[in-house]
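Below: one structure, written as structure tokens.
The values are calculated or read from the model by the stated rules, or taken from the named source; none is laboratory data. Because the structure is predicted, anything quoted here is derived from the model rather than measured. Here the Cβ positions follow ideal geometry from the backbone for every residue, glycine too, while neighbour counts run over all protein chains shown.
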Amino acid sequence: RKRVVSGVQPTGSIHLGNYFGAIKNWVALQNIYDTLFFIVDLHAITLPYEAQQLSKASKSTAAIYLACGVDPSKASVFVQSHVRAHVELMWLLSSATPIGWLNKMIQFKEKSRKAGDEEVGVALLTYPVLMASDILLYQSDFVPVGEDQKQHLELTRDLAERVNYLYGGRKWKKLGGRGGAIFKVPEPLIPPAGARIMSLTDGLSKMSKSAPSDQSRINMLDPKDLIANKIKRCKTDAYPGLEFDNPERPECNNLLSIYQLISGKTKEEVVQECQNMNWGTFKTLLTDALIDHLHPIQVRYDKIMSDSSYLDEVLAEGARNASEIADATVNNVYQAMGFLGRR
Ligand code: AQP
């Protein structure tokens, strides 16, 4: 079976954007592909973070994966730092990464512009190499990527080809091949359209864990009252009726899209149902749909979190499966790069 890898950072509360943009899609992917879903804790330290919160956030994120329907009997679920090969391969890949490639990354330019050189850690520059390591370690065929990660996947593909070219040829030729087989070059898996969820307070920015205002997002673990309150106070507009795709009405498009995704209805059904509604009626409908959908996930989450040993076992088993594949790749890379083998 073809292989797919993906992960979410344990950097805050997992929200509807992470759910519709990533986790919910994994539940379908795990039935089709050989899947590995991890909690990317090594990425979570790229920007300043709270050390006391990290392990709790990793565990909670893992429990959310399972509560949303990721099934550990189908997918390997693990914490990135539990598989040491991620960091090892990153170093090996770093030596083959031209610094110019990293300087060109738009996310680095944007995030580093906001802070001075003394504030920006080296990891902000090099984290795309860790991401490449996350993907190439597992010889992944596909990687689900949103718009903002496309450039990083391109870098991963370029790096795979460069390492295959630099170090793959010799070993491969000896075996009678034509070169280039250390890493599989992964393809992007484009997520379903409309899966980009925007902020509740600004329809032009994406819903994000790091946005300072909690009002801007619906978190997967938000209680009913808070969901109702956030929807009540979210930004709307003064146009009559409700419609998708009007560039003048980004908030309206976003809220209808959320309703469409959460209710599982088609766009046409949502248009029929909502086009003549006023905001008050629609907000009640949306609030109820959100609560109906999130409540069972929250019940499952509480159950998973109440049995810590179950979750620990899932993560240990996931890390064992992942390490088996990852160690084989990294050992092969050491060999291809000419290191003295261990006995
Ligand atoms: N608003 C969104 N709409 C759709 N998908 C989204 N994702 C994130 N926000 C949205 C998807 O969630 C996955 C995990 O993302 P991540 O944790 O690696 O970091 P991120 O993309 O930077 O997510 P956040 O929530 O916005 O975190 P911060 O604020 O820390 O940067 C990815 O698949 C992403 O596409």
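Observations
- Residues that are in a loop (DSSP other than H, G, I, E, B) and within 13 Å of I14 (Cα to Cα) within region 209-237 comprise K209, S210, A211, R217, I218, M220, L221, D222, listed in sequence order.
- Condition check for R170: more than 16 Å from the ligand (Cβ to nearest atom), more than 25 Å from Y19 (Cα to Cα) and modelled with pLDDT of 90 or more: no
- Boolean, P10 is within 13 Å of the ligand (Cβ to nearest atom) and surrounded by fewer than 20 Cβ atoms within 10 Å (Cβ to Cβ): no
- Of all the numbered requirements in (1) touching a residue at least 24 places away in the same chain (Cβ under 8 Å); (2) under 22 Å from the mean Cα position of the chain (by Cα), T97 misses one, and that requirement is (2).
- Residues located in region 292-343, provided they are under 17 Å from W91 (Cβ atoms) and acidic (D, E): D327
- Against the test of being more than 12 Å from the ligand (Cβ to nearest atom) and in contact with a helix residue (DSSP H, G or I) (Cβ under 9 Å, 6 or more places away or on another chain), the options A28, A67 yield a single qualifying residue, A67.
- Failed condition for F78, given (1) at pLDDT 95 or above; (2) assigned to a helix (DSSP H, G or I): (2)
- Filter result for Y49 (part of a helix (DSSP H, G or I), within 12 Å of the ligand (Cβ to nearest atom) and among the aromatic types (F, W, Y)): no
- Residue check, I99 assigned by TED's automatic domain parsing to the domain that holds G168 and away from the ligand (no atom under 16 Å from the Cβ): yes
- For region 106-154, filtering for residues that are surrounded by 16 or more Cβ atoms within 10 Å (Cβ to Cβ), among the hydrophobic types (A, V, I, L, M, F, W, C) and part of a helix (DSSP H, G or I) leaves 10.
- Across region 90-114, the number of residues qualifying as at pLDDT below 90 and under 12 Å from L155 (Cβ atoms) comes to 4.
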